[in-house]
1. For segment 1-105, build the convex hull from the C-alpha positions and give me its volume per residue in Å³.
2. Angle check, please: helix 154-167 long axis (alpha carbons) against the longest principal axis of the chain (alpha carbons), in degrees 0 to 90, nearest 10.
3. When the C-alpha atoms of segment 6-201 are aligned to their principal axes, what extent does each axis show, in angstrom, from largest down?
4. List, in order, the whole-Hz ³J(HN,Hα) value for each residue of segment 103-114 obtained from phi through the Karplus relation with A = 6.51, B = -1.76, C = 1.60 and θ = phi - 60°; use x for Gly and Pro.
5. Given that compact globular proteins tend to follow 2.2 N^0.38 Å, what is the ratio of the alpha-carbon Rg of segment 199-243 to that value?
6. Read phi for every residue in segment 318-323 and hand back ³J(HN,Hα) as whole Hz from Karplus 6.51 cos²θ - 1.76 cosθ + 1.60, θ = phi - 60°, with x for Gly and Pro.
7. Relative contact order of the chain: what whole-number percent is it, with Cα pairs under 8 angstrom and at least 6 residues apart?
8. Taking the Cα centre of segment 6-201 as origin, work out the dipole magnitude from +1 charges on Lys and Arg Cβ and -1 charges on Asp and Glu Cβ, in debye rounded to 20.
Amino acid sequence: MEINWEPLNEIIETNRRFVLSSHVRPDADAIGSELGMANLLEELDKTVTIVNPSNVPSNLAFLDPDKRIKKLGDGITIDAVCDNDVHIVLDTSAWAQLVDVGHALRKTKAVKVVIDHHVSADDLGALEFKNTVAEATGALVFQFAQHAGIPIQKQVAHWLYCAIATDTGWFRFSSTTSETMRIASQLIDSGAKPHLIYQMLYERDTVARIHLTGHVLARTKVDCNGKLAYICVKQDDFAQTGAVPADTEDLVNECLRIAGAECAFIAIEQKNRQVKVSFRSKTDVNVATIAEQFGGGGHKQAAGAILPGPLADALPRVLTAFTTALDH
């Protein structure tokens, strides 16, 4: 699914002030893509602001040491966001994922652009540059740079490698292709250091996170004749272990290590008692369609949604959805 990048080139050539945004609770693909795209635009002498609906998670703060990414409402207003020529949304096409940034996007008179690889989508009234089979939005930013003839600097290589590596589960998901590895190779040639990136991502756990992991995994359950494995995280778990919500990142993937498990989910109770659910699949079961039943979305093999609480009410709804999906 090739993208024609020329219309984006034309937008960039004829405008000067850009604002970049991504989804709530940004992951490494969102952050790396934003920072990488910002640098590419600045190479073209453009003015760039990055504004998200959420702060950068503490475990990913190493990606933005200069704290370029701003949270809407924290020193920057909707009017300031609207006062730009182009608003580029990366790594999402869903209004629900933009939260307050969505208010700015609805209000702005700026040219709207989406660069994304998710299947689930809304009409944001934007010119879309999408490839739903792409491994990561970071890969799309790389492809744009190649098309535009913008050299990949060392720092950009660092951001884009991190974006791609994390969204492919460090190149183990089925979305990884030979082209993925060619892009990774070129990013390494441009200065990315995989061993250092891996250390920053996965070898800085706190004792609290280790305790939370053990605490939660001890409650792992299976259902659907062993095809589904799942875990739940309660607010009390954070209090008991001293962990923070960001410490649940990637925990859901531990469930897929169970023999016979085809799908998995983690249900995390939020402070407001809503329930954040992350869905995973390693077969043909499309968890994006499951997430969409609850107002969420994502990819065929990785998706998410927010359900109303309490956890005891949300859990049966998710189990019923998986039972139906796995019976087909």
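Where a number appears in this text, it was derived from the coordinates with a stated rule and is not lab data. Note that this is a predicted model, so its numbers are computed, not measured. Here the Cβ is made from the backbone with ideal geometry for all residues, glycine too, and neighbour counts use every protein chain on show.
1. Residue-normalised Cα hull volume stands at 108 Å³.
2. 30 degrees
3. Dimensions of segment 6-201 along the principal axes of its Cα atoms: 41, 36, 31 Å.
4. Along segment 103-114, the couplings run 5, 5, 5, 5, 7, 5, 9, 5, 5, 9, 9, 10 Hz.
5. 1.38
6. Residue by residue, segment 318-323 yields 5, 4, 4, 4, 5, 4 Hz.
7. Here the relative contact order equals 12 percent.
8. Once rounded to the nearest 20, the dipole reads 340 debye.
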